[in-house]
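The values are calculated or read from the model by the stated rules, or taken from the named source; none is laboratory data. Quick caveat, the model's predicted, so the values are computed rather than measured. Counting neighbours? That spans all protein chains shown, and the Cβs are built from the backbone with ideal geometry, glycine included. Areas reflect the complete protein model, heavy atoms only, side chains present, ligands, DNA and RNA absent. Shrake-Rupley method; radii C 1.70, N 1.55, O 1.52, S 1.80 Å.
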Amino acid sequence: MARAVVTVPAQAKRGEIIEIKTLAAHAMETGFRRTQLGELIPRDIIRRFTCTYNGVEVYRVDLHPAVAANPLIAFTTTATETGTLSFQWVGDNGYSVTEIAAIRVE
Amino acid sequence: MTARAARLFLALSAARLFVEPAAAGEVPLSERRSGYEFMSRETRAMQDDDTGNPGTLWVLDGEALWKRKAGASDRACSDCHGDARESMKAVAARYPAFDPALRRPVNLEQRINACRVGRQKAPALAYESRDLLALTAYVTRQSRGLPINITIDARTRPFLEAGREAFFRRQGQLNLACAQCHDDHWSGKLAGSPITQAHPTGYPLYRLEWQGLGSLERRLRGCLTGLRAESYPYGAPELVDLELYLMWRANGMRMETPAVRP
């Protein structure tokens, strides 16, 4: 199951710095490991994570093979207006997950 | 168990650190400590915060599976058991429990599979498969914060005694007993890792070394391999007896599932 969880405050004051936490279920297979028979296990990782806030990109990360499985990505942004935060993870083998969260700003 | 830890097991026994007999007895109630208490501040924080605890991913998968129809019966767990927060509350805290049909204790994974096969008419889920771990984590999550509550009666006593006997028996090429580490040297360290008292309060749990969720049996197989003993297959009666003994030994301690361990 390609599951991801995001935690965003439901409401905030305008100009407030809010913390956002995201967790994605992913093996993050490095591509450097081998099976007991010596065969290389192909790389299978999340390559990029982006967060947009009412359509504007506010946060982006490129991920590489040294990142642990099930990556937790936590960051902050400024609450500017009521609307939607959209989160996207994309990676090898067609992996793509999108989550959205609403925020009310007053 | 890492290669480094395995080498240290060997070095320790070679150094004859464990020459005294393994009979010092169980850890008294007042001194019982969960593995949680031996962890770093960072690892504790990871367990404490559901939004950062990777075990949450399995609990949520388990919740989805609980409501999904499966098998020839076309029924979901929730069709018979309703809301797990009510029906499964404190259930995991009393497993392994006696199964009258098998006339022996079964662990929670086996109990869930009994419903998969017998009630849903679906194929059993494989041990350590994502789905079985997810369902087990979700059911056990409903016992979080509640005390472990194993009651022993005439039917289960022989299995408890078998588990206890295994815990105190020296085994493997290293010729060590579980009790020598977990009763007698729990405050010590092995390859830099705290040995701990081996209380099964948090299973299934997220182990950083595994980079995933795993069952108590997976952990036990790890310690057995560390002793260079031949391990038992998943679901083997020997492992379930050990689980029963460990849960009974931790009676009264609070469940932490999904816990995090290094």
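Okay, residues lined up against (1) open to solvent by 90 Å² or more (accessible area, probe 1.4 Å); (2) under 25 Å from residue B:46 (Cβ atoms); (3) modelled with pLDDT of 95 or more:
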position	(1), (2), (3)
A:13	yes, no, yes
A:22	no, yes, yes
A:42	yes, no, yes
A:52	no, no, yes
A:74	no, yes, yes
A:94	no, no, yes
A:100	yes, no, yes
A:105	no, no, yes
Can you tell me how many residues in segment B:44-53 are touching a helix residue (DSSP H, G or I) at 6+ places or on another chain (Cβ under 8 Å) and either among the polar types (S, T, N, Q) or within 8 Å of chain A (Cβ to nearest Cβ) (or both)? 3
The one condition in (1) away from every other protein chain (no Cβ under 14 Å); (2) assigned to a loop (DSSP other than H, G, I, E, B) that residue B:117 fails to fulfil: (2)
What is the one condition in (1) open to solvent by 50 Å² or more (accessible area, probe 1.4 Å); (2) of a type outside the set (Asp, Glu); (3) within 14 Å of chain A (Cβ to nearest Cβ); (4) not in a loop (DSSP other than H, G, I, E, B) that residue B:58 does not satisfy? (1)
Being open to solvent by 20 Å² or more (accessible area, probe 1.4 Å) and in contact (Cβ under 8 Å) with a residue 60 or more places away in the chain narrows B:32, B:41 down to just B:32
Being under 17 Å from the mean Cα position of the chain (by Cα) and hydrophobic (A, V, I, L, M, F, W, C) is the filter here; which residues of segment A:28-58 pass it? A:28, A:45, A:46, A:49, A:51, A:56, A:58
I'd like to check something: does segment B:124-138 contain any residue that is modelled with pLDDT of 95 or more, within 17 Å of residue B:223 (Cα to Cα) and open to solvent by less than 30 Å² (accessible area, probe 1.4 Å)? no
In segment A:58-72, how many are loosely packed, with under 14 Cβ neighbours inside 10 Å and within 14 Å of chain B (Cβ to nearest Cβ)? 3
Checking the structure you have, find out if any residue of segment B:63-77 is more than 30 Å from residue A:68 (Cα to Cα), open to solvent by less than 30 Å² (accessible area, probe 1.4 Å) and in a helix (DSSP H, G or I). yes
Considering each residue of segment B:176-211, count those that are touching a residue at least 24 places away in the same chain (Cβ under 8 Å) and farther than 23 Å from residue B:29 by Cα, and give that number. 10
Give the residues of segment A:24-40 that are open to solvent by less than 90 Å² (accessible area, probe 1.4 Å) and within 14 Å of chain B (Cβ to nearest Cβ), sorted by residue number. A:24, A:25, A:26, A:27, A:28, A:29, A:30
First in segment A:24-47 and free of Cβ contacts under 8 Å to residues at least 24 places away in the same chain, second anywhere and surrounded by fewer than 10 Cβ atoms within 10 Å (Cβ to Cβ) and not basic (Lys, Arg), Cβ under 7 Å, 6 or more apart: A:41/A:35
Hits in segment B:105-123 (condition: open to solvent by 60 Å² or more (accessible area, probe 1.4 Å) and touching a Phe, Trp or Tyr at 6+ places or on another chain (Cβ under 9 Å)): B:111
